[in-house]
Structures are given as C-alpha cells and as structure tokens.
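K.L.:
Sharing a structure, written as structure tokens. Questions coming.
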Amino acid sequence: MRLKLLVYELPALEYYDSYHYNEKAQISILLQGPASVKQTQNTDNETINNVFRTPVSIADRLIKQKMKFYNLLIKYRLWIGIALMALGGYVNYASSFWPAFPLYLVGVILVAGHFFFGPLRLIQEYMESGDMDGAEKIINSIKFPNLLYKPIRSVYFTLKGNIAMMKQDFDGAEKMMKKGLDLGMPMKEAEGASLLQMGMLSMQKNDLKQAESYIRQALRKGLPDKENEAAAYLQMCSLMMNKREFRAAKDFFRKTKALKPTTPQIVDQIKQIEKYISRIPG
C-alpha cells in the first residue's frame, strides 16, 4: 500500500522541486543585483522552467526504472535465490565455505523473502488497471499463505475477499475478509474499510442486523476517505429507514450530503433518496 502512495505523490514531488528551484533562482537574482534582474526579465520563463525541471524528470525516470527492477526481483526472487544457493554449493565444493558464504546468505534472504513477504507488491499494478484476472493469478501463486508475515497475511486474505466479492461469491468473500480482520489490519483506516465491506456483504445476504453492527464499527474505527465515509452513512440511512427510525435516517442522510461525495453511484443514490426522504415523518 505504501508504494501506491508513492506513485500518486510523485507529481506533487515534481511540483515542489520545481518551485524550490525557482525560489532559489529568485534568491540568486536578488543577490546578484539589478543587472541580473534586467537580464532575467528578458529571459523566456518557459525555458527556465524546463531547465529547472530537468533534474526532476531524470529522477522520475530513475525511480520508475528502480521500481521496475524491484518488481522483477520480487517476481523471480525465489528462483534467483535457489540459483545463488546452488552456485554457492558449487563454490563451496570447488574451493571452501567462506567464498561461498555471500552466495548462501543472499540466496537464503531471497528465498525467505519470497515466503515471508510474498509477491503482493505486484498486485497493485493489476488492481489499478482493473485487471482482476491478473491480480487473482498473483494471489493464487502464493502456495503457503500461513508463512506470510502477519500483517501481510491479513492483506492477503482481504484481497482474496475483494476478488471473491467481485465474483459475487459472498460466502467466500465473508470467510476471507473475516480471516483478514481476525489477524489485525496494519492501519485503523484499512480495518474500517474492511468492516464497511463486511457490512455491504451482510446487506447483500439480507442480514441487516449484522450489517448495521459492521458499519457502525467501521465508522468508529475510521475510514480512509470521505467517499468511503459517505457510503457508510448512506448505508446507515437505508438501514434506519428499513427499521422505520426516520429521524436517525435523516441524520445519516444529512451527514452523507455534508461530505459532498463525487462517486457517481453514491451521487445517484443521494438523488434517489432525496426525492422522498423529505416527505417521511421524523
């Protein structure tokens, strides 16, 4: 998840660096005196900006290349680790243990990393592009999930639950997401989002009492953004109307509108509820 944040933060980093360089240039002009100011006034600002942006563009390319290399290493680290240990065995046989030790060490680290951390980093690209088949293929490549580090194991089960939900396998989704929650999510917001999904699942199964419990827990834990929060309040509004607790329903509806969500599905639901909620008592 952290890597995903980095991807979105890059444009902001570029903007900051560009501003920072321009700010330094302005300070330099002040130090150099009026002649420099006059010369600067005749300079094409776009050219200056391009010059200042060049280091950032190079850094951006280097980061992308580094991430591409890192993804390849994650994808093939098991086989690279096995190959290094085999090579270490040959060096040990042909020479002695100590020349082979670095090969053994790196090989063991790579193999342990494969089973301890898994290839979940590779799923991000597929999830962002909407390629659920590719994401599922990565998930299914994990043969021993119980060996994963506990927070990563929690994410693994949550992702399996998400994929099952998209396939309309609500029982399988609930089972996987419960496993993820039982292990403990790495962040409170992630736990809140999982609880909200569990609430949605319960609503699909028409278990409204359990749905309300999950969604209330999600709101208490906190949700990652206003769109998720608006979705939670909107579901609570529906649940309260179903229970004929109209005052509470109107309160949750006001909270939904106050967040000003932009997700099309939520906006459409708000418009539909708005047509008749003012006419109900409470």
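K.L.:
Would it be correct to say that L122 is in contact (Cβ under 8 Å) with a residue 40 or more places away in the chain, of a type in the set (A, V, I, L, M, F, W, C) and in contact with a Lys or Arg (Cβ under 8 Å, 6 or more places away or on another chain)?
P.N.:
yes
K.L.:
Residue by residue through segment 202-216, note down the ones that are without any contact (Cβ under 8 Å) to a residue 24 or more places away in the chain and surrounded by fewer than 19 Cβ atoms within 10 Å (Cβ to Cβ).
P.N.:
N206, D207, K209, Q210, S213, R216
K.L.:
Would you say G199 is small (G, A, S), closer than 30 Å to L72 by Cβ and either in contact with a helix residue (DSSP H, G or I) (Cβ under 9 Å, 6 or more places away or on another chain) or surrounded by fewer than 16 Cβ atoms within 10 Å (Cβ to Cβ) (or both)?
P.N.:
no
K.L.:
Inside segment 221-243, can you point out the residues that are without any contact (Cβ under 8 Å) to a residue 24 or more places away in the chain and under 25 Å from the mean Cα position of the chain (by Cα)?
P.N.:
Within segment 221-243, just D225 meets the criteria.
K.L.:
Among K137, K143, K167, K160, which is under 21 Å from M187 (Cα atoms) and either loosely packed, with under 15 Cβ neighbours inside 10 Å or without any contact (Cβ under 8 Å) to a residue 24 or more places away in the chain (or both)?
P.N.:
K160
K.L.:
Continuing with the same structure: Among the residues of segment 186-195 satisfying the criterion of being surrounded by 20 or more Cβ atoms within 10 Å (Cβ to Cβ) and within 16 Å of the chain's Cα centre (by Cα), which is farthest from K160 (Cα to Cα)?
P.N.:
Among those residues, the one meeting the criterion is G192.
K.L.:
Could you tell me which numbered condition Q217 fails, if it satisfies all but one of (1) of a type outside the set (K, R); (2) over 28 Å from the mean Cα position of the chain (by Cα); (3) in a helix (DSSP H, G or I); (4) modelled with pLDDT of 90 or more?
P.N.:
Against the list (1) of a type outside the set (K, R); (2) over 28 Å from the mean Cα position of the chain (by Cα); (3) in a helix (DSSP H, G or I); (4) modelled with pLDDT of 90 or more, Q217 comes up short only on (2).
K.L.:
Within segment 27-43, can one find any residue that is in contact with a Pro (Cβ under 9 Å, 6 or more places away or on another chain) and modelled with pLDDT under 50?
P.N.:
no
K.L.:
Also, quick follow-up: Please count how many residues of segment 180-190 are under 19 Å from M127 (Cβ atoms), in contact with a helix residue (DSSP H, G or I) (Cβ under 7 Å, 6 or more places away or on another chain) and part of a helix (DSSP H, G or I).
P.N.:
1
K.L.:
In segment 88-110, how many residues are part of a helix (DSSP H, G or I) and of a type in the set (S, T, N, Q)?
P.N.:
1
K.L.:
Within segment 234-282, take every residue that is more than 23 Å from Y214 (Cα to Cα), polar (S, T, N, Q) and part of a loop (DSSP other than H, G, I, E, B) and give me the one that is modelled with the highest pLDDT.
P.N.:
That would be T262.
The values are calculated or read from the model by the stated rules, or taken from the named source; none is laboratory data. All values derive from a computational prediction rather than experimental measurement. Here the Cβ is made from the backbone with ideal geometry for all residues, glycine too, and neighbour counts use every protein chain on show.
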